[in-house]
Amino acid sequence: MPFIPFSQSLPVTDFLLRIFGVKIENAANISGVQVVLRNSGAIGWIMLLALLLGAMSWWSYWRDTREWVSPARRRLLTALRLILFALLLLIILRPVLAFTIEGTIRRTLLQLIDTSASMKIADPRFDAADLKRAALAKGVLDIRKGLEQSLDAKDSVAMKTVPRVELLRGVLRNDDLKLLEKFAKAYDVTTFTFGAALAEITTAAPAAAAAKPTDNQAQSDPRAWVDKLDPKSQTTAIGDAIRELLTRKRGQPLAGIFLATDGASNVGTQPLEAARLARSEGVPLFIYGVGITSPRDIIVANMFAQEVAFVKDELPVTVRVRGQGMRGETAKITLQLGTEVVATKDLTFTDDEEQTVALPFTPKNVGEFELRVFIVPREDEAAKDNNAVAQRLKVIDSKVKVLMVEAAPRWEFRYLQSVLLRDRRLEVKCWLQEGDPAIAEGEGSPYVKALPATKEELFKYDLVVLGDVDPKSLGDAAIGWLGEFVSKFGGSCLFIAGNQFNPSAYRGTELEKLLPVELGEGLAKQPGPERPTTLELTPLGRTSPMMKLSPKDEENAAIWRRFPKIYWVARVARAKPAAQVLLQDGDATKATRFGKMPIVAQQQYGLGQVLYVGTDNTWRWRKNADDRFYPILWGQVTQKLGLAHLLGGSKRTQLSVDKQKYSTGDRVAVYARLYSTDFNPLKEPTVEGGYTVKPVAAGPSVQAGPREAVTLRAVPEQPGMYRGDFTALAPGVHRFAVKGDDITFIEFTVAEPAFELGETAMNEAMLKQMAEVSGGGFFREETLVKLPELIATKTERVQSTVDAELWSSPVYFALLLIVATLEWYLRKKAQLK
């Protein structure tokens, strides 16, 4: 049957609804009416029967030849009989009026509100549009009329530094917009806040609403939570918040997510990935962007400097600085050691790009200091708390003691020895297995006649560089001492591979346990030259301080790519599970199922560090390339490995933490390896320790806070090893020591996270992309009036069909009665039986 569209407002549709007794919900809409035969399978037999009955009707009226019955009356009576039979036969086909009804079910709208610390930023507004947006949010201008209104000078001054959270509160409480009221009327609204984690806002309904549970939504105040917003989280995880929200509400009918944020996401899942997930779940994101897109702000992002420096030796310091909206402006950056200014530099800002500023200086005094770099804040900056960074710096007057152990003076040994001997921070001694003992007799000779005869002599060194040496020439005792030196006393060992012994001959010895790589079977020994290959930095290598040849990541990667190819690498199977691979062979033909072959790898072995270098061709980088990078590389390697033992080695108390810098709220794990007076491992089940906290910027006269106790418990199957955990609650320099040995301690820094002030601009581009990807919309103050309507258009509509039975309705039977009665009356009038 043909489809007949109607609108619910048409009189015909209303009439049909009334006479057939069809009831629909107020929220529903009739999109069409259709006549449908519910028993259409019998239509063939019905048509055949209709033909037969039609023939009988014609014959019954036209066989009678009585003259007083006119032809016109015969035709009328025949037609009435045919209509009657048709109506009777139609009952068998069960005709109905099918009303197509379109409506919506009440859905849930999720409100996701950013309560990170960046929402406290009071953006300094200079652009007229930004000032008007603030006035729209605060109700000074009519939010329904957009940016076409004028703002007087007095109101402009008042709107100049309104914090972002106040803009958000103003929008949510705006009486012209009535956003929350419209949401509450159309949807079941659930509100969440997020920063580092997601938290649901529970609003208690008033007593009257409690008495009538079905009216809670209508009677509770949708604005009750607005004034309680407290933006203090030091991180923003937009992506994680959306993902968790979708997980919690999966399977429920959702109208969408209303997200109010400045877009400063700095941890967790990428927001665009979360937006794609929302689209796949059918949940559009409707995003209100809070803040301004180009605030003026100077951001001192990072400072890169060693934590330990040598007195009267130049210390390289690099700082990353960015100026938002500061193109062409100048500033002075200052480096301060304690209370002394040690370096300054003038800089000019470019297009919001990060600049790297070098501020080298030479410390003159021994001690522990705060190293602080800063730029004096300007009056027009969005945030004045992100203009400085600081770290602890320890200046020492000791030298790293290095022992080089080698079989013969191969090229790698010669070049490396030359570099290390010229480094005034190092005290280098060398033992050549094949060397003439007489070379150690000359005045000032760096050579020694023999290896240390006792472990006490070995433990005086901080770093042992083990070249291509036959393990038999070392002896089992020396190899055992070396393992103990690293694992129990925090020493470091550097393996430099060779084509004779290192590491192929170390399989099955104590040295194999120290190696951060697995040797495998038949892989290690490759005596001859090979096809030239290029070494590649791994992701860990790009961030390792030892591999940093430039403070700029792109420039550092370019330097490594420019290094000449090498002609030999030691074949190994893979890195050990706990090892970190810094450099790998770029030749894919040498890769295994575990990935490309590691060339430089490091691992923690007990209390000490082990670094493996799987080639003896790095000397080519000095001979055939820019030779300035070769001493930088090996200087960083030896210092990194040797300083740990220099600063705290060879003691009966060995303390370590998993990192040197923590954020407040982080869990700190402290490890202690403890020995008795005769250097036997301690056997007590627990040991008491504790820490004190001193402000980072405090001078030497400032006393640390009270001691906080920490219990260290013995680690199973590791004699003398203890572990304790505590939460870093307060920022400052933490000094930890075990009870009874306050002379030996370890220090680490705890600071408030600074993620929130690393990016102060509202990330409009990302928020728009999230809205587009998810199928929602992005809004500023001037377009928020369109938000409820857009959410409604995005809401899925549900169609259903309601039947009005024609064949059994009173109207149908009334029609049958009318036709039958009319025929009977006309027959009687025509004197027919």
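Laid out as a table, the results:
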{"quantity": "Shape call, the range 273-317: gyration tensor on alpha carbons, a/c limit 1.5", "calculated": "oblate"}
{"quantity": "Computed Rg/Rh of the range 34-156, alpha carbon atoms with Kirkwood Rh", "calculated": "1.68"}
{"quantity": "From phi via Karplus (6.51, -1.76, 1.60), per-residue ³J(HN,Hα) for the range 107-119 in Hz, x at Gly/Pro", "calculated": "10, 9, 9, 9, 9, 10, 10, 6, 10, 7, 4, 5, 6"}
{"quantity": "Fraction of antiparallel bridges per DSSP, the chain only, in percent to nearest 5", "calculated": "70 percent"}
{"quantity": "Carbon + sulfur, % of accessible area of the chain - ligands and nucleic acids excluded, 1.4 Å", "calculated": "54 percent"}
{"quantity": "K683-A197 FRET efficiency (beta carbon distance; Förster radius 51 Å; 0.05 resolution)", "calculated": "0.75"}
{"quantity": "Of Q636, G444, T543, farthest towards positive along the dipole that unit charges on Lys, Arg, Asp, Glu beta carbons give the chain", "calculated": "T543"}
{"quantity": "Convex hull of Cα atoms in the range 433-485, direction-averaged projection (nm²)", "calculated": "4.1 nm²"}
{"quantity": "For the chain, projected area of the alpha-carbon convex hull averaged over all directions, nm²", "calculated": "58.2 nm²"}
{"quantity": "Ordering of 295-305, 177-187 by packing [mean C-beta count within 10 Å, highest first]", "calculated": "295-305, 177-187"}
{"quantity": "Kirkwood Rh and Cα Rg combined as Rg over Rh, evaluated for the range 299-437", "calculated": "1.17"}
{"quantity": "Amide H contacts under 5 Å for R574, placed H, 5+ residues apart", "calculated": "E518"}
{"quantity": "Charge dipole of the chain about the Cα centre (unit charges at C-beta), most positive-ward option of V811, L611, I105", "calculated": "V811"}
{"quantity": "Ellipticity estimate at 222 nm from DSSP helix runs (n ≥ 4, -39,500 (n - 2.57)) divided over the chain, nearest 500", "calculated": "-8000 deg cm²/dmol"}
{"quantity": "Rh by Kirkwood over Cα pairs, then Stokes-Einstein D for the range 142-184 at 0.890 mPa s and 25 °C, µm²/s", "calculated": "207 µm²/s"}
{"quantity": "For the range 708-722, 3J(HN,Hα) per residue [Karplus equation, 6.51 cos²θ - 1.76 cosθ + 1.60, θ = phi - 60°, Hz, x = Gly/Pro]", "calculated": "9, 7, 9, 8, 9, 10, 4, 7, x, 6, 10, x, x, 9, 10"}
{"quantity": "Three-way shape label, the range 127-199, alpha-carbon gyration tensor, a/c 1.5", "calculated": "oblate"}
{"quantity": "FRET efficiency, 1/(1 + (r/R0)^6) with R0 30 Å, evaluated for T534 and Q433 via beta carbons", "calculated": "0.40"}
{"quantity": "Cα-based Rg / Dmax (Å) for the range 575-637", "calculated": "13.7, 38"}
{"quantity": "Viscosity 1.306 mPa s, 10 °C: Kirkwood-radius Stokes-Einstein D of the range 300-339 over Cα pairs, µm²/s", "calculated": "126 µm²/s"}
{"quantity": "Rounded accessible area per residue of the chain, 1.4 Å, Å²", "calculated": "49 Å²"}
{"quantity": "Three principal axis lengths of the range 535-665 [C-alpha, angstrom, descending]", "calculated": "45, 36, 32"}
{"quantity": "Spacing of the two label points (7 Å from each Cα toward its C-beta) at Q355 and K120, in nm", "calculated": "3.0 nm"}
{"quantity": "Tail beyond 25 Å, pair distance distribution of the range 225-349 (Cα, percent)", "calculated": "52 percent"}
{"quantity": "Rg over Rh [alpha-carbon atoms, Kirkwood Rh] for the range 370-493", "calculated": "1.24"}
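The values are calculated or read from the model by the stated rules, or taken from the named source; none is laboratory data. All values derive from a computational prediction rather than experimental measurement. Because the Cβ atoms are built from the backbone with ideal geometry, glycine has one as well, and the counts that use them run over all protein chains shown. When the accessible area is computed, the model is the full protein with side chains, heavy atoms only, and any ligands, DNA or RNA have been set aside. Shrake-Rupley method; radii C 1.70, N 1.55, O 1.52, S 1.80 Å.
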